[in-house]
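Asker: The structure follows.
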Amino acid sequence: MTVSPFPRLPLGSAIEDLVTWISTNLGWLLDGITDVLTALTNTFQSILSSIPPPVLILFVAIISFALKFRGRSQKKSQYKRFLESIDLPILCVAGLFLIWDLDLWDHSMETLALVIVSTIVSLVIGIPIGIFASHSDRFNQIIRIFLDFMQTMPSFVYLIPAVIFFGLGNVPGVIATVVFAMPPTIRLTNLGIRQIPKELIEVSDAFGATMVQKLIKVELPVALPTIMAGVNQCIMLALSMTVIASMIGAGGLGYQVLYGIQRVDIGSGFEAGLAIVIIAIILDRLSQNLIPVRELKQS
Amino acid sequence: MNIPSLIQNDQGSIIEVRNLTKIFGPRPQKTLSHLQRGCSVKEIREKTGHIVALQNISFSVQKGEIFVLMGLSGCGKSTLLRCLNRLIEPTAGEILLDGEDLVTASADQMKSIRRKRMSMVFQSFALLPHRNILDNIAFGLEIQGIPYEERVQEAKKSLDLVGLSGYEYSYPDQLSGGMQQRVGLARALASSPDILLMDEAFSALDPIIRRDMQNELLDIQDRLEKTIIFVSHDLDEALKLGSRIALMKAGEIIQVGSPEEILTKPKNEFVERFVEDVDLSRVLTAKDVMKVPDPMIHVTSGPHVALRMMKEAGISTLFVVGKNRELKGIITADDALRAGKEGLPLQDIVIPDVVSIHHDTPVSEIIPVIAESRFPLAVINEEKKLKGVIVRGSVLAALGRSGGSV
């Protein structure tokens, strides 16, 4: 074993001290966060599970059709637009019906609630940070270190402090998911605003816009396609965290997969895994069709 | 068409720029003191890494004129334009808008000036891709907080002005480049500013569309009489649009003058070189190349007088005029000789359908006409009064003297 001749930096114990300090001194804050997230998760879960499966399936089918139909070029005939849009509702109905049939509906709704809450938290925190990073080069440099950290640090490492701070259950699951899923939101919001052609920014200045007007009327709308790509990535990463989050007590499909692994029950593990894939595909397609894309035409 | 550059008095100036300097870099004020102590721009760049983009610029813009800032790329013309509405902060100097200094104006004052008094047209059109045409045009009004109904009304008027009615609900990516820039112009006009800043507004357009847009701009300018400050690297464009032109080089103004002055009295070798390639046939008009119509003969005169005049001048044709020098036609020496023998009056041998052109016709349009014509061309004004004559030789002579005095 190689031993360095230099005195060892007490990095590990420093982190431990920090974690202990936070849990003893910032308990009120941690409790507050726990309460809010618990309330949010429970609300979404009870709403979703109170809707009868056929109603929700029909609702998703209509929404998916409407979103895709709107996104098709208006130059095409209605019939052609209809044909091009019908595949998505069929996919959604078939997928959701399969989940219902496999008796994974309730678990799926719990996972969906966790994903929705994680995504909302990620966006509420991530988009403002992204906006700020796009306006300040120094802040952007600092935040980039943290983003690299959040994305590459193995997620198992921050499961432990999450448990220490928030106990077991859905809340530390949401926190761990937010840490993992938020970076693309920040990065793509930042990128989207930075990529806006300089003259478009000059337009808002030259017409005397205030900072807020510039942000709301020019920067955010023009960057929206890129920001939405970040939202899409955020949702996908949140779903991919469900299994890992179930290791610290988050419920839903992730727990079913974990259960299957622990029991070497290949069948139930595969079924739950497939349900996650189905939900991922549906959420991906829906979020991609959320805004009609208008390409910026450059001469 | 434009307000002639001859009418210039200080009362008419709307913008006056005095000793404007712009230095790019981390410590512009310190560099400014180097500059004032007489360091050269090159020294400053090599020693401190600062770039002197504009150096001691002074000029004034008259109300209602099209003032063209012209120069090669990198000469600072776009920087200068952006200093005028402080999209770029000037390092030193004064910009007086109706006597009020913009350089020291507060952010709020500047905001209000940008909203109400000056607007801008951009090279790349810079339309907001997520807004339809009407909402793009209404953008400036929206920023001012004008209610929806009212700003849509104004936007429609503005759209009509640039001839794009019917495209209200299209999106920018559905329009051609020329149409997009019309929208850009309409947007700038919608808030009815006094001053339009146009940054290479037509440079991204095809030559034919560009010419159309230039004519359209002149047309709109005729109707609305805005003050336009137009940045261009194209001398032909500058000469066509400009009431006056400021020729820039390396952050300094080399010469300010009317198009004719720039062409005919270049201040130094740089201006001379700049203008030597210009297509003079587009710039010069009939009145620049015509000769005084001497001799000419009155219609009541006789054929013998006509022959004598032709002989003295050494020419074989003669223009015939009536009262007030109104053009009647032309006579040839052969006809005059015949008339003299047969005792006919001058009236009987006049060829009335002589080719005549207006004195504002550009030489480029005269050349094909004169190539076809057997006779010299008559140059007339609106009242058909004979102002001059053009023979082939005088056109060639004028074009041959490129950049020289015509």
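Asker: Can you confirm whether segment A:258-272 contains a residue that is surrounded by 22 or more Cβ atoms within 10 Å (Cβ to Cβ), within 14 Å of chain B (Cβ to nearest Cβ) and either of a type in the set (A, V, I, L, M) or not in a helix (DSSP H, G or I) (or both)?
Answerer: No, that holds for no residue.
Asker: Determine which member of the set B:86, B:27, B:37, B:45 is charged (D, E, K, R) and either in contact with a His (Cβ under 6 Å, 6 or more places away or on another chain) or within 14 Å of chain A (Cβ to nearest Cβ) (or both).
Answerer: Only one candidate passes the filter, namely B:86.
Asker: Which numbered condition in (1) within 22 Å of residue A:273 (Cα to Cα); (2) at pLDDT below 90 is the only one that residue A:89 fails?
Answerer: Of the numbered conditions (1) within 22 Å of residue A:273 (Cα to Cα); (2) at pLDDT below 90, the odd one out for residue A:89 is (2).
Asker: From B:24, B:59, which residue is surrounded by fewer than 20 Cβ atoms within 10 Å (Cβ to Cβ), within 19 Å of the chain's Cα centre (by Cα) and over 30 Å from residue B:138 (Cβ atoms)?
Answerer: The unique qualifying residue is B:59.
Asker: How many residues are touching a Pro at 6+ places or on another chain (Cβ under 9 Å) and away from every other protein chain (no Cβ under 14 Å) if we restrict to segment B:90-114?
Answerer: 3
Asker: Assuming residue B:387 fulfils every condition listed in (1) within 30 Å of residue B:211 (Cβ to Cβ); (2) part of a helix (DSSP H, G or I) apart from one, which condition is it?
Answerer: If we test residue B:387 against (1) within 30 Å of residue B:211 (Cβ to Cβ); (2) part of a helix (DSSP H, G or I), just (2) comes out false.
Asker: Further question: Tell me the helices (runs of 4 or more DSSP H) entirely within segment B:246-322 that contain at least 1 residues that are surrounded by fewer than 20 Cβ atoms within 10 Å (Cβ to Cβ) and hydroxyl-bearing (Ser, Thr, Tyr).
Answerer: B:259-264, B:280-283
Asker: Which one of these does residue B:346 not meet: (1) surrounded by fewer than 18 Cβ atoms within 10 Å (Cβ to Cβ); (2) in contact with a Pro (Cβ under 7 Å, 6 or more places away or on another chain)?
Answerer: If we test residue B:346 against (1) surrounded by fewer than 18 Cβ atoms within 10 Å (Cβ to Cβ); (2) in contact with a Pro (Cβ under 7 Å, 6 or more places away or on another chain), just (1) comes out false.
Asker: Additional query: Let me spell it out: the conditions are (1) within 31 Å of the chain's Cα centre (by Cα); (2) of a type outside the set (Ser, Thr, Tyr); (3) surrounded by fewer than 21 Cβ atoms within 10 Å (Cβ to Cβ), and residue B:162 meets all of them except one. Which number is the exception?
Answerer: (3)
Asker: Within segment A:79-91, does at least one residue satisfy the condition of being under 19 Å from residue A:253 (Cβ atoms), of a type in the set (A, V, I, L, M, F, W, C) and in contact (Cβ under 8 Å) with a residue 24 or more places away in the chain?
Answerer: Within segment A:79-91 (the criterion being under 19 Å from residue A:253 (Cβ atoms), of a type in the set (A, V, I, L, M, F, W, C) and in contact (Cβ under 8 Å) with a residue 24 or more places away in the chain), the answer is yes, since at least one residue qualifies.
Asker: Mind telling me which of the residues B:362, B:345 ends up being under 13 Å from residue B:305 (Cα atoms), modelled with pLDDT under 85 and touching a helix residue (DSSP H, G or I) at 6+ places or on another chain (Cβ under 9 Å)?
Answerer: Testing whether each residue is under 13 Å from residue B:305 (Cα atoms), modelled with pLDDT under 85 and touching a helix residue (DSSP H, G or I) at 6+ places or on another chain (Cβ under 9 Å) leaves just B:345.
Asker: Scan segment A:183-217 for residues that are among the β-branched types (Val, Ile, Thr), closer than 16 Å to residue B:136 by Cα and either buried (at least 22 other Cβ atoms within 10 Å of the Cβ) or facing chain B (nearest Cβ under 7 Å) (or both) and jot them down.
Answerer: A:203
Asker: Looking only at segment B:124-151, how many residues end up being among the small types (Gly, Ala, Ser), in contact (Cβ under 8 Å) with a residue 24 or more places away in the chain and within 10 Å of another protein chain (Cβ to nearest Cβ)?
Answerer: Summing the residues that are among the small types (Gly, Ala, Ser), in contact (Cβ under 8 Å) with a residue 24 or more places away in the chain and within 10 Å of another protein chain (Cβ to nearest Cβ) in segment B:124-151 gives 3.
Asker: Looking at (1) more than 14 Å from every other protein chain (Cβ to nearest Cβ); (2) surrounded by fewer than 22 Cβ atoms within 10 Å (Cβ to Cβ), can you tell me which one residue A:245 breaks?
Answerer: It fails just one condition, (2).
Asker: Of the residues A:23, A:4, A:108, A:46, which single one is surrounded by 11 or more Cβ atoms within 10 Å (Cβ to Cβ), hydroxyl-bearing (Ser, Thr, Tyr) and without any contact (Cβ under 8 Å) to a residue 60 or more places away in the chain?
Answerer: A:46
The values are calculated or read from the model by the stated rules, or taken from the named source; none is laboratory data. None of these values were measured; they are calculated from a predicted model. FYI the Cβ positions are ideal-geometry reconstructions off the backbone, even for glycines, and counts take in every protein chain you see.
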